[in-house]
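What follows is a short report on a single structure.
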Amino acid sequence: MVKVTIDGVEIEVEEGTTILNAARQAGGDIVPPAMCYYTGLEGSGGKCRSCLVEVAAGSERDPRPMPKLMASCRTEVQHGMVVKNKTSERVIDAREGVTEFLLINHPLDCPICDQAGECDLQDLSFKHGVEWSRFEEEKRTFAPRDIGDKIKLHMNRCIMCYRCVFVAQQLTNKRVHGVLNRGDRSEISTYIEQALDSDFIGNVIDVCPVGALTDKTFRFKSRVWFLKPMNAHRDCPTCQGIATVWMFGNEIYRVTGRKDKYSEIERHNGKTAWICDTCRFETKDVAKWVIEGPRIINRYSVISTNHYTNENPLDAKKDPKKLQ
Ligand code: SF4
Ligand code: FES
């Protein structure tokens, strides 16, 4: 076990743990945001820089500070390491810069985007963004691509986190999409127009931190905060059948995996509870689910408003400490 101090909180974690996961083990508001790291996806992280932290002391043996801010999702803790997250002005400044950078090409179409209310970039902007933009150039845009009848790709919103590529690589047996081109021309695409189609490919929707990949069977049906999220399960031969169903009255509008407070799919029975496409897209009949009860949304997000939560974003706005 190694001891690490993050924003004055001392914790002991297993050797090999990253700073981000050590902070998550401690919990609370010392946890850096993560737009590309995803626990259930091997190799994820290191792309977005939203999780940067200051390492004020590298370790007990070598207590020199690290000169540059470090990506907490990719940096392992050392015994005696001292990390500053929300207590570092450099980190807050860098995070504001990263947020501004991520928004350079991202369209501000939250009012018509299905991800609004549960978008990690929206939450990051709420905490670290500004109301204005210095970017005067034309935003980068892409021609629409059809990737099938279940999943909508809106490439202009993509922040190149690669999570969807890892889902296809690790959860399905035929990956047909990936990142084409380089630099500001990079795009998520299939090489020749192809539908994304395999039992678990719908999980790209759940892992996408923005509205670049959304559920066509739910598109424009309702704002998420008007729906009641319910924990539900069913006997499914393909997946664990553990899901959240989003209801309006007695109707199920959409089905998603159960996300924890870091917007990641929860683990059940020792495995990440990814749901299959049949549960997600084709099981909207209430009779096919056992409804367990209301789901507590404990993510810091507008989606928590009016739902079952103890973290209200409006309270956080009044308390600047919670915004860091
Ligand atoms: S489409 Fe979404 S999940 Fe895929 S790289 Fe872009 S932002 Fe990430
Ligand atoms: S979450 Fe660490 S770089 Fe994206």
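Inspect all residues belonging to the stretch 154-175 and state whether any of them is within 16 Å of ligand 2 (Cβ to nearest atom), among the basic types (Lys, Arg) and in contact (Cβ under 8 Å) with a residue 40 or more places away in the chain.
Within the stretch 154-175 (the criterion being within 16 Å of ligand 2 (Cβ to nearest atom), among the basic types (Lys, Arg) and in contact (Cβ under 8 Å) with a residue 40 or more places away in the chain), the answer is yes, since at least one residue qualifies.
Just the residues that are under 17 Å from Ser189 (Cβ atoms) and in a loop (DSSP other than H, G, I, E, B), please, taken from the stretch 151-177.
If the condition is that a residue be under 17 Å from Ser189 (Cβ atoms) and in a loop (DSSP other than H, G, I, E, B), then His154, Cys158, Ile159, Met160, Cys161, Tyr162, Thr172, Lys174, Arg175, Val176 are the ones that fit.
Looking at Arg95 and the list (1) assigned by TED's automatic domain parsing to the domain that holds Lys261; (2) surrounded by 18 or more Cβ atoms within 10 Å (Cβ to Cβ), which single condition is not satisfied?
Among (1) assigned by TED's automatic domain parsing to the domain that holds Lys261; (2) surrounded by 18 or more Cβ atoms within 10 Å (Cβ to Cβ), the lone unmet condition for Arg95 is (1).
Can you name every residue in the stretch 213-228 that is at pLDDT below 95 and β-branched (Val, Ile, Thr)?
Within the stretch 213-228, Val224 is the sole residue that qualifies.
Could you identify the single residue in Glu15, Glu10 that is out of contact with any helix residue (DSSP H, G or I) (no Cβ under 6 Å at 6 or more places or on another chain), in a strand (DSSP E or B), more than 30 Å from Lys228 (Cβ to Cβ) and not assigned by TED's automatic domain parsing to the domain that holds Trp132?
On the way: Glu15 fails: in a strand (DSSP E or B).
Criteria check complete, one pass: Glu10.
So, in the stretch 139-190, of the ones that are of a type in the set (Gly, Ala, Ser) and surrounded by fewer than 18 Cβ atoms within 10 Å (Cβ to Cβ), which residue ends up farthest from Cys276 (Cα to Cα)?
Our first condition is that a residue be of a type in the set (Gly, Ala, Ser); within the stretch 139-190, this holds for 143, 148, 168, 178, 183, 186, 189.
Retained after the next criterion (residues that are surrounded by fewer than 18 Cβ atoms within 10 Å (Cβ to Cβ)): 143, 148, 178, 183, 186.
Working: Ala143: 29, Gly148: 16, Gly178: 20, Gly183: 33, Ser186: 28 Å.
Step by step, filter the stretch 139-190, then rank; the result is Gly183.
If you take the residues of the stretch 191-221 that are surrounded by fewer than 15 Cβ atoms within 10 Å (Cβ to Cβ) and free of Cβ contacts under 8 Å to residues at least 40 places away in the same chain, which of them is nearest to ligand 1 (Cβ to nearest atom)?
Tyr191
Condition test on Asp114, is it surrounded by 15 or more Cβ atoms within 10 Å (Cβ to Cβ), within 15 Å of ligand 2 (Cβ to nearest atom) and farther than 30 Å from Gly58 by Cα? Give the steps one after another, and end with the answer.
Numbers: surrounded by 15 or more Cβ atoms within 10 Å (Cβ to Cβ): yes; within 15 Å of ligand 2 (Cβ to nearest atom): no; farther than 30 Å from Gly58 by Cα: yes.
For Asp114, the condition - surrounded by 15 or more Cβ atoms within 10 Å (Cβ to Cβ), within 15 Å of ligand 2 (Cβ to nearest atom) and farther than 30 Å from Gly58 by Cα - is not met.
Return the residues of the stretch 273-283 that are surrounded by fewer than 20 Cβ atoms within 10 Å (Cβ to Cβ) and either among the aliphatic types (A, V, I, L, M) or assigned to a strand (DSSP E or B) (or both); say none if nothing qualifies.
Ala273
Taking the stretch 28-44 on its own, how many of its residues are within 15 Å of ligand 1 (Cβ to nearest atom), among the aliphatic types (A, V, I, L, M) and farther than 14 Å from Asp260 by Cα?
The total comes to 2.
If I ask for residues that are in a loop (DSSP other than H, G, I, E, B) and away from ligand 2 (no atom under 11 Å from the Cβ), which ones from the stretch 40-65 would you list? Show your work before the answer.
Kept after step one, since they are in a loop (DSSP other than H, G, I, E, B), are these residues of the stretch 40-65: 40-51, 58-65.
Hits for the stretch 40-65 are Gly40, Leu41, Glu42, Gly43, Gly58, Ser59, Glu60, Arg61, Asp62, Pro63, Arg64, Pro65.
Can you name the residue in the stretch 185-208 that is in a loop (DSSP other than H, G, I, E, B), farther than 18 Å from Phe142 by Cβ and at pLDDT 90 or above and, of all such residues, is farthest from ligand 2 (Cβ to nearest atom)?
For the stretch 185-208, the residue satisfying everything is Asp199.
The values are calculated or read from the model by the stated rules, or taken from the named source; none is laboratory data. Remember, it's a predicted structure, so these values are computed and weren't measured experimentally. A quick note on method: Cβ atoms are made from the backbone with ideal geometry, for glycine too, and the neighbour counts reach across all protein chains shown.
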